[in-house]
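Take a look at the structure below.
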Amino acid sequence: MKFLLNVIWLILSGFWMALGYVLAGVICCVLIITIPFGIASFRIAGYALWPFGRTTVERRDAGAGSVIGNVIWIIFAGWWLALGHIVTGLALCVTIIGIPFGIANFKMIPISLLPLGREIVPTDQPFATR
């Protein structure tokens with residue numbers, strides 16, 4: 001079932017949202033000082049491409065650097081990506097078939113706003129953090 005949901009997700013919104021994250025990651029990697037943001041963006045792009053069967057958990061070893069980084073991320077890229085999830089989620093909720101995928105888009109808003117200090121893990125191992 002996860003495979004089927006991921007394929008439908010990929011067609012309806014996953015590809016476009018992942019493309020947005022990849023674009024943000026490339027821009028961050030070009031601006032040398034923001035390479036950690038680029039790496040986080042590429043990591044989330046994979047999650048946005050194939051989300052069912054995976055979840056995010058907070059990393060216990062994340063410190064003040066991730067908090068400061070998340071504030072910078074929200075200002076420059078996070079709110080654009082969150083807005084993309086909101087618009088896509090609303091568009092998907094127009095149809096009955098799209099409602100679960102719209103809800104999945106809304107669930108991705110927190111990680112699009114605060115990606116640092118979070119880890120993507122399989123849903124059968126939600127407490128398997130480093």
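The values are calculated or read from the model by the stated rules, or taken from the named source; none is laboratory data. As the structure is a prediction and not an experimental result, all values here were calculated from the model. Note that we place each Cβ from the backbone using ideal geometry, even for glycine, and neighbour counts take in every protein chain shown. All accessible areas refer to the heavy atoms of the entire protein, side chains included, with ligands and DNA or RNA removed. Shrake-Rupley method; radii C 1.70, N 1.55, O 1.52, S 1.80 Å.
Does any residue in region 84-111 that is closer than 25 Å to E58 by Cβ come within less than 7 Å, Cβ to Cβ, of a residue that is open to solvent by 50 Å² or more (accessible area, probe 1.4 Å) and outside any helix (DSSP H, G or I) six or more places away or on a different chain, and which pairs are these?
Here the result reads I111/R118, each pair linking region 84-111 to a residue that is open to solvent by 50 Å² or more (accessible area, probe 1.4 Å) and outside any helix (DSSP H, G or I).
Applying the selection to region 85-116, what residues are small (G, A, S) and open to solvent by less than 20 Å² (accessible area, probe 1.4 Å)?
Passing the criteria: G89, G98, G102, A104, S112.
Only one residue in V26, V57 is within 17 Å of T123 (Cβ to Cβ) and within 17 Å of the chain's Cα centre (by Cα), so which one is that?
Just one listed residue meets the conditions, V57.
Out of S41, S13, which single residue is at pLDDT 90 or above, under 19 Å from P110 (Cβ atoms) and crowded, with 22+ Cβ neighbours inside 10 Å?
Just one listed residue meets the conditions, S41.
Those residues that are at pLDDT 85 or above and among the β-branched types (V, I, T), I need them from region 57-81; list them, please. I'd like the intermediate steps shown before the answer.
First pass over region 57-81, keeping only residues at pLDDT 85 or above: 67-75, 78-81.
Correct list: V67, I68, V71, I72, I74, I75.
Please identify the pairs in which a residue from region 49-78 that is farther than 27 Å from I33 by Cβ has its Cβ atom under 6 Å from the Cβ atom of a residue that is acidic (D, E), counting only partners at least 6 apart or on another chain.
Cβ pairs passing all conditions: V57/E119.
List the helices (runs of 4 or more DSSP H) inside region 1-100, counting only whole elements, that have at least 3 residues being closer than 17 Å to E119 by Cβ.
35-49, 64-73
Tell me, which residue of region 16-38 that is aromatic (F, W, Y) and closer than 17 Å to G78 by Cβ is most open to solvent (accessible area, probe 1.4 Å)?
That would be F37.
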